[in-house]
Amino acid sequence: MLFEKMKALEELLKLFLKYQKELEAVKEYSKFTAQAQITEKLLSDIISDIEKIIEMKKVFKFKELKDGIKYGRIKKLYFSSKNLWWTHSEEDVEEVSRIGHIVETLRAKKMLADKDRSVGDELEARKILSLKYRDKKLGSTGEELVEINCPKRWLKEAERYSSQFGENGLEALMSAHHRNSLVIIDDWGEANVYFEYFVKKKYLSLVN
């Protein structure tokens, strides 16, 4: 039950990022959950649930992350090759890799079960199911993770070109970190909306 609730809340958060207005998001969310009516109480209850989960699980670690990179405490960074997810933590990588490998294994088995599969699909499926592939670091959707071994240089470049992340600059970048966001953020527009709604409005604790 908790898993289903978390997935539903993740869906709502994605709609917040897409539609930017609470009421519009909940109207769309109602289609997803087959709710018959949209009320202000429903909106309030959902936002309250989101707040509780964020307070329990997430803290916006802007200064901690920035200083960790700047002063050399953080030695390596990991980035998704598919979306804006990133982290500095091996624990985070292990967590998402477990999910990613499950996703890829299911995909491989589905390909092998297809009687009309191509030679390319069969080779890819066999590769995914091989022992060697299990050591790969994957994102939660099965994509490969990119490692950066020069975090200081990366931070300097990010600060220099912070305008590419949108109006909230580095704050938007930090919003996409694994420990800051409840959802996978796909673009900088979403990252900025997430920062506006769940950081500035104190749905997250901003540590300066």
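Of the residues making up the range 155-188, those that are part of a loop (DSSP other than H, G, I, E, B) and over 12 Å from the mean Cα position of the chain (by Cα) are Tyr161, Gly166, Glu167, Asn168, Gly169.
Scan the range 82-89 and give yes if some residue there is loosely packed, with under 15 Cβ neighbours inside 10 Å, in contact with a helix residue (DSSP H, G or I) (Cβ under 8 Å, 6 or more places away or on another chain) and either assigned by TED's automatic domain parsing to the domain that holds Ser175 or modelled with pLDDT of 90 or more (or both), otherwise no. The answer is no; no qualifying residue exists. Scanning the range 108-128 turns up no residue that is closer than 30 Å to Ala172 by Cα and surrounded by fewer than 15 Cβ atoms within 10 Å (Cβ to Cβ).
Residue count for the range 88-131, restricted to those that are of a type in the set (D, E, K, R) and closer than 28 Å to Ile74 by Cα: 6. Taken as a whole, the condition of being surrounded by 15 or more Cβ atoms within 10 Å (Cβ to Cβ), closer than 23 Å to Met174 by Cα and touching a Ser or Thr at 6+ places or on another chain (Cβ under 6 Å) applies to Lys137.
The residues of the range 113-124 that are in a helix (DSSP H, G or I) and of a type outside the set (Gly, Ala, Ser), listed by number, are Val119, Asp121, Glu122, Leu123, Glu124.
The rows are residues; the columns are (1) in contact with a strand residue (DSSP E or B) (Cβ under 9 Å, 6 or more places away or on another chain); (2) assigned to a helix (DSSP H, G or I).
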site	(1), (2)
Val103	yes, yes
Leu106	no, yes
Met111	no, yes
Arg126	no, yes
Ser130	no, no
Tyr133	no, yes
Ser140	yes, no
Arg153	no, yes
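The values are calculated or read from the model by the stated rules, or taken from the named source; none is laboratory data. Computed from a predicted structure; not experimentally measured. Here the Cβ is made from the backbone with ideal geometry for all residues, glycine too, and neighbour counts use every protein chain on show.
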